[in-house]
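Asks: So that we are looking at the same thing, I have put the structure below in structure tokens.
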Amino acid sequence: MAVLVRSATLSTFEVLAKGLGLDVPTLLGRFGIPPQALHDPDLLIPYQAFINLLEHSAALGRCPDLGLRLAQARGISMLGPVAVLLRHADTVGDALALASRYIFVHSPALKLEAQLVPGSPELVDVVFNIEHASLTARPQVISLALGIVCQGLQLLTGGRIQPQRVTLPHAPVATEDAYRQAYHCPVAFRATAATVRLRVSDLQVPVAQNDPQMKELALGFLEQLDSKRHALLADRVRRLVRNFLSAGHARHSEIARALSVHPRTLQRRLAAEGVTFEALVDEVRKEQFLQLVALPMGPGMTQIAHILGYAEVSVLTRSCKRWFGRTPRQMRSAR
């Protein structure tokens, strides 16, 4: 299962790509991104497909600063409800803490945190990372992310904050002027992490448009999403199992990957809710079997076994006997 990101991350891509003479529908199709992703900001698309799309488009359009241009064109507004919350934070430090907590709404693979610089207590690094084993971050998407951070700092403070420097974990792919225009500060390459460096005192700078009432409204909405993400994990696992059982993707590792968590973390969080992954899969199979076997002109037992993710009818038969004390054919006859 793919790790997902809101399609708002494609904001302004169509305009920029067409300006480079690129065939946007063909590009989207090549990477399996539906055309409606250009117009529905809340549609979820595979994050790796977006990363690959940016790299290929930058090379094809001979535009090595494509990620930087995307960041300058849209900024933090592509973060949707998270952007609303950040615009009404109390201070820059408050905005960074809120971004770190709620960035999962944009994609569960994103991580953002502030870290004091060792040996320089007056400096702090805003560290960006894409944390998922199945994702390969590339220069364009990292340039885009740090560009959003820098643009966001400018927007939130009315230009009062000037980053000290930006570090990128790769070699330069665009010109020095392109990086400076996007980041407004010196840039270091081949670093150990992707960071935007600030003064610690910058964290106390008030956010220019702070509205406490708007902040509370945005917080309430995002808290609902956060509580659903944690409290209803078992329900989310059930839905994923139902959707991907017949495709053979309902294994523990696959469901964990879809949720962007480590398999052990998934098992531990399910245990906290009083269930196990195996029990949820068994429950979904039992429910689907009852639905399928009750259909007057329903599929045969071989097809039902496949739909439920079983390799053979004999495995389905053993499960059916365990569930109901009867064979599948006896269940169908009884109904």
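Asks: What is the dipole size for the range 1-151, taken about its Cα centre, with +1 at each Lys and Arg Cβ and -1 at each Asp and Glu Cβ, in debye to the nearest 20? Provide the component values of the computation, followed by the final result.
Replies: On the way: 10 positive and 12 negative charges, 75 e Å.
With Lys and Arg at +1 and Asp and Glu at -1, about 360 debye.
Asks: Write down the Å³ per residue value for the convex hull defined by the alpha carbon atoms of the range 122-205. Can you show the working numbers first?
Replies: On the way: hull volume 8.0 nm³, N = 84.
Given the Cα convex hull of the range 122-205, per-residue volume reads 95 Å³.
Asks: Okay, next question. Would you mind getting the accessible area per residue of the range 241-327, heavy atoms of the protein chains only, 1.4 Å probe, in Å²? Provide the component values of the computation, followed by the final result.
Replies: Values: 4740 Å² over 87 residues.
Roughly 55 Å² per residue, with all protein chains present.
Asks: Enter the angle in degrees (range 0 to 90, nearest 10) between the Cα long axis of helix 47-60 and the first principal axis of the Cα atoms of the chain, meaning the one along which they spread out most.
Replies: Value to nearest ten degrees: 50.
Asks: Taking a cut-off of 19 Å between Cα atoms, list the aspartates and glutamates near residue 286, but don't count ones fewer than 8 places away on the same chain.
Replies: Counting by Cα, and skipping residues close in sequence, residue 286 has these aspartates and glutamates nearby: 235, 278, 312.
Asks: So, one more: Work out, step by step, the length gained on full extension between residue 170 and residue 36: first 0.36 nm times the residue separation, then minus their alpha carbon distance; give nm to one decimal. Each step should come with its number before you reach the end.
Replies: On the way: separation 134, 0.36 × 134 = 48.24 nm, distance 3.22 nm.
Full extension of this stretch gives 45.0 nm more.
Asks: Identify the residues of the range 32-75 with backbone N under 11 Å of a label point that sits 7 angstrom from the Cα of residue 20 along the Cα-to-Cβ direction, or state none.
Replies: Residues 53-70 qualify, since their backbone N sits under 11 Å from the label point.
Asks: How many angstrom lie between the Cα centre of the range 264-335 and the Cα centre of the range 1-65?
Replies: Here the answer is 39 Å between Cα centres.
Asks: Still on this structure, please answer the following. First obtain the Kirkwood hydrodynamic radius of the range 45-169 from its Cα pairs, then insert it into the Stokes-Einstein equation at 20 °C and 1.002 mPa s, and state the resulting D in µm² per second as a whole number. Write out the running numbers ahead of the final one.
Replies: On the way: Rh = 15.3 Å.
In µm²/s, the coefficient is 140.
Asks: Follow-up. What number, in nm² with one decimal, is the all-direction average of the projected area of the convex hull of the alpha-carbon atoms of the range 142-294? Before the final figure, lay out each step's value.
Replies: Details: hull surface 56.3 nm².
The directionally averaged projection comes out at 14.1 nm².
Asks: Where does each of 318, 165, 238 land when they are ordered by accessible area, with a 1.4 Å probe and the largest first? Each step should come with its number before you reach the end.
Replies: Details: 318 150, 165 85, 238 40 Å².
In descending accessible area the options line up as 318, 165, 238.
Asks: Leaving out ligands, DNA and RNA but keeping every protein chain, what accessible area does residue 132 have, in Å² rounded to the nearest 10, with a 1.4 Å probe?
Replies: 30 Å²
Asks: With a point put 7 Å past each Cα toward its Cβ, work out how far residue 303 is from residue 252 in nm, to one decimal.
Replies: 3.3 nm
Asks: Calculate, for residue 193 and residue 90, the FRET efficiency according to 1/(1 + (r/R0)^6) with r their C-beta to C-beta distance and R0 25 Å; round to the nearest 0.05. Intermediate values should be presented prior to the final figure.
Replies: On the way: r = 27 Å, r/R0 = 1.08.
Rounded to the nearest 0.05, the efficiency is 0.40.
Asks: In the range 57-148, what trypsin sites (Lys or Arg not before Pro) fall in a loop by DSSP, with at most 15 other Cβ atoms inside 10 Å? Present the calculation step by step, with values, prior to reporting the outcome.
Replies: Details: sites: 62, 69, 74, 87, 101, 111; in loops: 62.
Sparse-neighbourhood loop trypsin sites (Lys or Arg not before Pro): 62.
Asks: Apply the Karplus curve 6.51 cos²θ - 1.76 cosθ + 1.60, θ = phi - 60°, to the phi angles in the range 276-290 and return the couplings in whole Hz, x for Gly and Pro.
Replies: Computed from phi, the couplings for the range 276-290 are 10, 4, 4, 5, 5, 4, 5, 5, 5, 4, 5, 5, 5, 4, 4 Hz.
Asks: Which ³J(HN,Hα) values in Hz, rounded to whole numbers, follow from the phi angles of the range 177-189 under the Karplus curve 6.51 cos²θ - 1.76 cosθ + 1.60, where θ = phi - 60° and Gly and Pro get x?
Replies: Going residue by residue, I get 5, 5, 5, 5, 5, 7, 9, 6, 6, x, 10, 10, 10 Hz, with x marking Gly and Pro.
Asks: What GluC sites (Glu not before Pro) does the range 273-335 have in DSSP loop regions with at most 15 other beta carbons within 10 Å?
Replies: Values: sites: 273, 278, 283, 287, 312; in loops: 273, 312.
Taking the range 273-335 and a limit of 15 other Cβ atoms within 10 Å, the loop GluC sites (Glu not before Pro) found are 273, 312.
Asks: Same structure again: Find the accessible area per residue for the range 1-143; the probe is 1.4 Å, ligands and nucleic acids are left out, and the unit is Å². Numbers along the way, then the final one.
Replies: Working: 5880 Å² over 143 residues.
Result: 41 Å² per residue.
Asks: Still on this structure, I have one more. Which of 47, 243, 330 sits farthest toward the positive end of the charge dipole of the chain, with +1 on the Cβ of Lys and Arg and -1 on the Cβ of Asp and Glu?
Replies: 330
Asks: How compact is the chain by the rule of thumb for globular proteins, expressed as Cα Rg over 2.2 N^0.38 Å? Walk me through the intermediate numbers first.
Replies: On the way: Rg = 24.1 Å, N = 335, 2.2 N^0.38 = 20.0 Å.
Cα Rg divided by the expected 2.2 N^0.38 Å: 1.20.
Asks: Quick one: dipole size for the range 251-335, taken about the Cα centre, charges +1 on Lys/Arg Cβ and -1 on Asp/Glu Cβ, in debye to the nearest 20.
Replies: Values: 14 positive and 7 negative charges, 43 e Å.
With only Lys, Arg, Asp and Glu charged at Cβ, the dipole is about 200 debye.
Asks: What full-extension length gain, to one decimal in nm, is calculated for residue 111 and residue 272 as 0.36 nm per residue of separation minus the Cα-Cα distance? Before the final figure, lay out the partial values.
Replies: On the way: separation 161, 0.36 × 161 = 57.96 nm, distance 2.43 nm.
Contour length minus the Cα-Cα distance gives 55.5 nm.
Asks: What 222 nm value per residue comes from the helices of the chain, counting each DSSP H run with n ≥ 4 as -39,500 (n - 2.57) and dividing by all residues, nearest 500 deg cm²/dmol?
Replies: On the way: 16 runs with 174 residues, N = 335.
Here the helix-only value at 222 nm equals -15500 deg cm²/dmol.
Asks: Does anyone have the angle between helix 212-231 and the longest principal axis of the chain? Alpha-carbon axes, 0 to 90°, nearest 10?
Replies: 40 degrees
Asks: Mind checking the dipole of the chain: about its Cα centre, +1 per Lys or Arg Cβ, -1 per Asp or Glu Cβ, Debye to the nearest 20? List each step's numbers first, then the result.
Replies: Details: 37 positive and 27 negative charges, 286 e Å.
Result for the chain is approximately 1380 debye, rounded to the nearest 20.
Asks: Pairing the Cα long axis of helix 263-272 with the longest principal axis of the chain, what angle in degrees results, from 0 to 90 and rounded to the nearest 10?
Replies: Around 70 degrees separate the two axes.
Asks: Also, quick follow-up: So what's the Cα pair-distance distribution over the range 1-98, bin width 5 Å, in %?
Replies: Spelled out bin by bin, the range 1-98 gives 2, 13, 22, 23, 17, 10, 7, 4, 1 percent.
Asks: Could you tell me what percent of the accessible area of the chain is made up of carbon and sulfur, with a 1.4 Å probe and every protein chain present? Write down the numbers at each step before the final one.
Replies: On the way: 8610 of 16260 Å².
Carbon with sulfur: 53 percent of the solvent-accessible area.
The values are calculated or read from the model by the stated rules, or taken from the named source; none is laboratory data. Computed from a predicted model, the values in this text were never measured in an experiment. Note that we place each Cβ from the backbone using ideal geometry, even for glycine, and neighbour counts take in every protein chain shown. Note: areas computed on protein heavy atoms with side chains; ligands, DNA, RNA excluded. Shrake-Rupley method; radii C 1.70, N 1.55, O 1.52, S 1.80 Å.
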